[in-house]
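The values are calculated or read from the model by the stated rules, or taken from the named source; none is laboratory data. Predicted, not measured: the structure shown is a model, and the values here were computed from it. Here Cβ is always computed from backbone atoms with ideal geometry, including for glycine, and neighbour counts include all displayed protein chains.
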Amino acid sequence: MSPPRLPVTVVGGYLGAGKTTLVNHVLRSSEERIAVIVNDFGEISIDEDLIVAADSDKLTLANGCICCTLADGFAAALMQIRSAGTLPQRLLIEASGVADPAQIAAYGHTPGLRLDAVVVMADAEQVRRQANDRWVADTVRMQLAAADLLVVNKIDLLEDADKADELCDWLAGLAADATVVRASRAAVPIDVLLGPRSASDAANARERPAREGAAAPGWHAVEDLFESQTVVLDAPVPMPVIEALLASLSDAVARLKGLVQAAPAAGASDTTAREAADATAYLIEAVGKRTSMTPHATDPTQPPSRWAISLIARKGALPPDWLAARLHPDC
Amino acid sequence: MGTPQPFVIYPARRVITINPAFPFGEAVAVAGDRILGVGSTDELASWGEHRIDDCFADHVIMPGFIEAHCHVMSGGLWNSTYVGYFDRRDPQGLLWPGCTSIDDVLERLAKAAADMTDDSQTLLAWGLDPIYFPGERLVARHLDTVIGDRPTLVLHASGHLATINSALMDRCGIDETATSPGVARGGDGLPNGELHEPAGMMLAGEAFADMMKANRSEQARWRYANEARNAGHTLLTDLGTTQLWDPEQLGNWKKVTSDPTYPARVMVAMSNLFGATADPAELAELCVQLKSEQTDKLRFGIVKLILDGSIQGFTARISWPHYYKPPPGHIGNGMWLTAPDQMADLVEPYHRAGLTVHCHCNGDEATEAFVEAVEQVLERYPRWDHRHTVQHCQLTTPDQYRRMAALGMCANIFSNHIYYWGDQHRDVTVGPERAARMDACGTALASGVSFSIHSDSPITPLGHLHTAWCAVNRVTASGQVLGPDERIGVPDALRAITIEAARQIKMDAEIGSIEAGKLADFAVLEDDPLSVDPMALRDIGVWGTVLGGVLQPAQISKL
Ligand SMILES: Nc1nc2c(ncn2[C@@H]2O[C@H](COP(=O)(O)OP(=O)(O)O)[C@@H](O)[C@H]2O)c(=O)[nH]1
Ligand SMILES: [Mg+2]
Ligand SMILES: [Zn+2]
Ligand SMILES: [Zn+2]
């Protein structure tokens, strides 16, 4: 069995939007071991060179007249990360302030890596001006359009909530595939940025006991603006049900992550032994409009309680039984 | 005071001095590494004890050519096999005929593979330019048939693509499950061996790293200078390829240039690229430090920045109406590599440190951003004679040239583009009108902007007679004249490749013309560029150079 692929989070957005602030926030708040690559074109960082070093490797790469040197740089950075003693659990790439995050995201398709999410930062105070700037309007709009999660940062600089609502509506139009998240100092809940921990516990660290209450029904607050819920699955879920679930996600859902057994046909209520054997395990994920189903190698001796789906949504946007209703359409 | 030391008089067919006050001489006298004087043999003999050397009696002597925009990669790439479309001379002086068909490319590769002794070695090649093979495509299958199992990588001329064979795909784990958008697929839906853009090319990992590693070696530096000498150049720049904070790369420059036989002077630019610190003030300080330790042959004091991409790659920033016939799905304009509104802050520390900033600007929007940044910095910190230079300067408009003149900026114009991609610029990238005013030496001259012209080697071959030929004739590869009104005369082109190039790297007090007291750096030519038909300029033979008084005949080198 090949080792699990390293999830890659790309952090993009125009100069000064708060990318480095977000990277630092993630490094401070996440329990994961994270390697950071800064795709820096010799930009001047406003607060010194401030990626916090705690438990992370920081590597810089940059571009030149001749673009092949960039490929060389990324390959070298990756080799360096892989040859380091302990492998990281995540790769965070801070894109340059003028880079197209979608292009940087292409690195997430390197064998051994897996693109998790493209997080794009927008400066709440500046983004309107930037998106209409004579020189960088197209760059900024391209960046916004590439987002899975659009973080409207520096909300503290706006006068009132109405201004913020108006701005977020306008940005949602430019970032059609994204879930819009508001933040100050890039303090987006870590589960929103990296995916719900309960399901990732299930997927990556099974030996760890499930956290108390993680499986309790209903919503749990995720800081101020989000709430999460987890549904534990005691049987395979028919493939069409999974597909319908992924297709039904609105932009109120910031993240969904689950480890499921997909049954080829309907009949979740009367699962037979044969169906269970036919079922294939998948890691399902969603961030913004990006959804994925990755076949997941499983150990058949594991107890069934680890099959679960977690989702994080904007507070108050979905009813308490939303996820359960989608998983049991017949009930 | 008498003669500094016994000196040598070189009578010549003609000495072209590029000194308007004394344009021509019959001979030049050299004392040690300096020019004692120009004039008639009798006039020079009157300085005192001397020796007359007639070896250049039939040659024309000019100031050594100065290439103010090229990269040391030019020497490193010759570790790999050349498969470009145009004829190219390697640093050993060997002519590699252009590969003008896919079959030529394959034949060249097959021969290179057959010549390799170590079975485990990867075959590396460079210079493939599929723009000249419309409708055809070199893919892994082709490579497999002629090369078999030896892993093979062919880097395209654009630097944005590579083609690899099945053996290398296997080694790198590239198969039908690949999800990277950088992995191109054939009609059958399977990866065809083409890797696009950095995200694709990096999948070739080590093969790629090997190719790039070669640029950091001593050998690359020797080859670089040998190639230059063979073309009449006495000074090369390395415009942002060397990581000067890496002791190995800096050490290799120091090592080669301290060898008295090393055949060129080198001006190595400081750059903020390739993993530098993000703080320009630190880089400025390092550059000033290096400058204080510079030698006659190893120079510092210029800084390379970069704003946009390339025109033929549709990544240069071009103002409205942008690109003429961009490929389907193109986003409309090129891309910024540096945020334009950060340029002034980026330029400022270098400017204040007394350094000269050279910024890559292919599109006119990039030029505008740089000119504006320089304007802002000058308002904050007025400084005379900075000579900040717009590099490439390909679509710079007449109004921009006027502003540059007013600000004291220089231009280094990519004249070789007219020949190598002029047809594509007219027909595809920018259309006839703007192609006609690309690389506008005529406008630069009329605006009073000091300008040089360049090859950007390895992007196009190093050789100032060819580059001057482009500026003078503006003839494309298909033989058509592109923008005749931007042509300049041969005398102006000769200034551009000598004194004006020296000026923008602030070495015009020492080199760039043949005058008493300057360094004895000459290009020794087989014919007179001012007498031949301008269309024959690029065909003039080069005997070699004189570097600091030392004869450097063009030669088949030992490397
Ligand atoms: N007022 C305010 N300032 C912020 C916020 N987030 C980041 N900043 C500041 O904005 C500046 C740019 O942030 P940085 O993370 O370096 O942006 P980057 O260029 O995208 O990496 C820094 O001075 C940050 O301290 C925020 O939410 N509110
Ligand atoms: Mg940053
Ligand atoms: Zn360039
Ligand atoms: Zn260049």
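Mind listing just one residue for me: the one in segment B:494-541 that is of a type in the set (Val, Ile, Thr) and farther than 17 Å from B:Thr17 by Cα and, of those, surrounded by the fewest Cβ atoms within 10 Å (Cβ to Cβ)?
Per the stated criteria, the residue is B:Val532.
Got a number for residues in segment B:291-309 being out of contact with any Ser or Thr (no Cβ under 6 Å at 6 or more places or on another chain), buried (at least 18 other Cβ atoms within 10 Å of the Cβ) and closer than 20 Å to B:Gly251 by Cβ? I'd like the intermediate steps shown before the answer.
The initial filter retains those residues of segment B:291-309 that are out of contact with any Ser or Thr (no Cβ under 6 Å at 6 or more places or on another chain), namely B:291-296, B:299-301, B:303, B:305-306, B:308.
Adding the requirement that they be buried (at least 18 other Cβ atoms within 10 Å of the Cβ) leaves B:299-301, B:303, B:305-306, B:308.
Filter again for closer than 20 Å to B:Gly251 by Cβ, leaving B:299-301.
Counting residues in segment B:291-309 that are out of contact with any Ser or Thr (no Cβ under 6 Å at 6 or more places or on another chain), buried (at least 18 other Cβ atoms within 10 Å of the Cβ) and closer than 20 Å to B:Gly251 by Cβ gives 3.
Filter segment B:452-472 down to residues that are in contact with a helix residue (DSSP H, G or I) (Cβ under 7 Å, 6 or more places away or on another chain) and away from ligand 3 (no atom under 16 Å from the Cβ) and give me whichever is farthest from the other protein chains (Cβ to nearest Cβ).
B:Val472
What helices (runs of 4 or more DSSP H) completely inside segment A:97-207 contain at least 2 residues that are modelled with pLDDT under 95 and farther than 19 Å from A:Ser292 by Cβ?
A:161-174
Name the pairs: first residue in segment B:37-58 and closer than 23 Å to B:Ile18 by Cα, second residue surrounded by 15 or more Cβ atoms within 10 Å (Cβ to Cβ) and acidic (Asp, Glu), Cβ to Cβ under 8 Å, at least 6 apart or on different chains?
B:Gly37/B:Glu43; B:Val38/B:Glu515; B:Gly39/B:Glu26; B:Ser40/B:Glu26; B:Thr41/B:Glu26
Is it true that some residue in segment B:398-408 is closer than 19 Å to B:Ala440 by Cβ, at pLDDT 95 or above, within 14 Å of chain A (Cβ to nearest Cβ) and more than 16 Å from ligand 1 (Cβ to nearest atom)?
Among the residues of segment B:398-408, not one is closer than 19 Å to B:Ala440 by Cβ, at pLDDT 95 or above, within 14 Å of chain A (Cβ to nearest Cβ) and more than 16 Å from ligand 1 (Cβ to nearest atom), which makes the answer no.
Select, from B:Leu298, B:Leu337, the only residue that is touching a strand residue (DSSP E or B) at 6+ places or on another chain (Cβ under 7 Å) and closer than 24 Å to A:Asn39 by Cα.
Result: B:Leu337 is the single residue among B:Leu298, B:Leu337 that is touching a strand residue (DSSP E or B) at 6+ places or on another chain (Cβ under 7 Å) and closer than 24 Å to A:Asn39 by Cα.
Looking at B:Arg108, B:Arg88, can you tell me which residue is assigned by TED's automatic domain parsing to the domain that holds B:Thr163 and modelled with pLDDT of 95 or more? Steps first, answer last, please.
Numbers: B:Arg88 fails: modelled with pLDDT of 95 or more.
The conditions single out B:Arg108.
For segment A:74-93, indicate whether the set of residues that are part of a helix (DSSP H, G or I), of a type in the set (Lys, Arg), within 14 Å of chain B (Cβ to nearest Cβ) and farther than 23 Å from B:Thr338 by Cβ is non-empty.
Yes, some residue in segment A:74-93 is part of a helix (DSSP H, G or I), of a type in the set (Lys, Arg), within 14 Å of chain B (Cβ to nearest Cβ) and farther than 23 Å from B:Thr338 by Cβ.
Within segment B:166-278, considering only strands (runs of 3 or more DSSP E) that don't extend past its boundaries, which have at least 2 residues that are under 30 Å from B:Ile497 (Cα atoms)?
Ranges flagged: B:233-238, B:265-268.
Mind listing just one residue for me: the one in segment B:367-382 that is touching a Leu at 6+ places or on another chain (Cβ under 8 Å) and touching a residue at least 40 places away in the same chain (Cβ under 8 Å) and, of those, farthest from B:Ser319 (Cα to Cα)?
B:Phe370
From the list B:Asp308, B:Asp364, B:Asp385, exactly one residue is of a type in the set (D, E, K, R), in contact (Cβ under 8 Å) with a residue 12 or more places away in the chain and within 16 Å of ligand 4 (Cβ to nearest atom). Which is it? Break it down stepwise before answering.
On the way: B:Asp364 fails: within 16 Å of ligand 4 (Cβ to nearest atom); B:Asp385 fails: within 16 Å of ligand 4 (Cβ to nearest atom).
Residue meeting the stated conditions: B:Asp308.
What's the total number of residues in segment A:90-108 that are touching a residue at least 40 places away in the same chain (Cβ under 8 Å) and either of a type in the set (Ser, Thr, Tyr) or in contact with a Pro (Cβ under 8 Å, 6 or more places away or on another chain) (or both)? Give the derivation first.
Going residue by residue through segment A:90-108, those that are touching a residue at least 40 places away in the same chain (Cβ under 8 Å) are A:90-102, A:104-105, A:107-108.
Still in the list and also either of a type in the set (Ser, Thr, Tyr) or in contact with a Pro (Cβ under 8 Å, 6 or more places away or on another chain) (or both): A:90-91, A:95-96, A:107.
Count: 5.
How many residues are within 16 Å of B:Pro432 (Cβ to Cβ) and either of a type in the set (Asp, Glu) or in a helix (DSSP H, G or I) (or both) if we restrict to segment B:476-493?
We begin by selecting, within segment B:476-493, every residue within 16 Å of B:Pro432 (Cβ to Cβ); these are B:476, B:478, B:480-486.
Pick out the ones that are also either of a type in the set (Asp, Glu) or in a helix (DSSP H, G or I) (or both) and you get B:484-486.
The qualifying residues number 3.
Can you tell me which residue among B:Gly127, B:Gly75, B:Gly93 is assigned to a helix (DSSP H, G or I), at pLDDT below 95 and in contact with a helix residue (DSSP H, G or I) (Cβ under 9 Å, 6 or more places away or on another chain)?
Numbers: B:Gly127 fails: assigned to a helix (DSSP H, G or I); B:Gly93 fails: assigned to a helix (DSSP H, G or I).
One residue alone meets the criteria, B:Gly75.
Does B:Gly159 satisfy the criteria of being facing chain A (nearest Cβ under 9 Å) and either under 27 Å from the mean Cα position of the chain (by Cα) or touching a residue at least 24 places away in the same chain (Cβ under 8 Å) (or both)?
When the stated conditions are applied, B:Gly159 passes them.
Return the residues of segment B:212-243 that are at the interface with chain A (Cβ under 8 Å from one of its Cβ atoms) and in contact with a Leu (Cβ under 8 Å, 6 or more places away or on another chain); say none if nothing qualifies.
B:Gly240
Looking at (1) part of a loop (DSSP other than H, G, I, E, B); (2) touching a Phe, Trp or Tyr at 6+ places or on another chain (Cβ under 8 Å); (3) among the acidic types (Asp, Glu), which is the only condition B:Glu500 fails?
Here B:Glu500 clears every test but (1).
For every residue, the table says whether it meets (1) within 13 Å of chain A (Cβ to nearest Cβ); (2) within 16 Å of ligand 1 (Cβ to nearest atom).
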| site | (1), (2) |
| --- | --- |
| B:Ile306 | yes, no |
| B:Pro321 | no, no |
| B:Tyr324 | no, no |
| B:His330 | yes, no |
| B:Met335 | yes, no |
| B:Asp345 | yes, yes |
| B:Pro349 | yes, no |
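Would you call B:Arg137 surrounded by fewer than 18 Cβ atoms within 10 Å (Cβ to Cβ) and either modelled with pLDDT under 90 or part of a loop (DSSP other than H, G, I, E, B) (or both)?
yes
For every residue, the table says whether it meets (1) in contact with a strand residue (DSSP E or B) (Cβ under 7 Å, 6 or more places away or on another chain); (2) at pLDDT below 60; (3) not assigned by TED's automatic domain parsing to the domain that holds A:Leu144.
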{"residue": "A:Gly18", "(1), (2), (3)": "yes, no, no"}
{"residue": "A:Leu27", "(1), (2), (3)": "yes, no, no"}
{"residue": "A:Phe41", "(1), (2), (3)": "no, yes, no"}
{"residue": "A:Ser56", "(1), (2), (3)": "yes, yes, no"}
{"residue": "A:Leu59", "(1), (2), (3)": "yes, yes, no"}
{"residue": "A:Cys68", "(1), (2), (3)": "yes, yes, no"}
{"residue": "A:Ile81", "(1), (2), (3)": "yes, no, no"}
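Is there a residue in segment B:434-451 that is within 16 Å of ligand 4 (Cβ to nearest atom), hydrophobic (A, V, I, L, M, F, W, C) and in contact with an Asp or Glu (Cβ under 8 Å, 6 or more places away or on another chain)?
no
For residues that are touching a Ser or Thr at 6+ places or on another chain (Cβ under 7 Å) and among the charged types (D, E, K, R), scanning just segment B:1-55, find the one that is farthest from B:Gly544 (Cα to Cα).
That would be B:Glu49.
Against the conditions (1) at pLDDT 85 or above; (2) under 26 Å from B:Thr177 (Cβ atoms), where does A:Pro295 fall short? Just the number, please.
For A:Pro295, the failing item is (1).
For B:His69, work out the one condition from (1) within 14 Å of chain A (Cβ to nearest Cβ); (2) at pLDDT below 95 it doesn't fulfil.
The one condition B:His69 does not meet is (2).
Just the residues that are more than 14 Å from the chain's Cα centre (by Cα) and more than 23 Å from B:Arg317 (Cα to Cα), please, taken from segment A:95-112.
A:Tyr107, A:His109, A:Thr110, A:Pro111, A:Gly112
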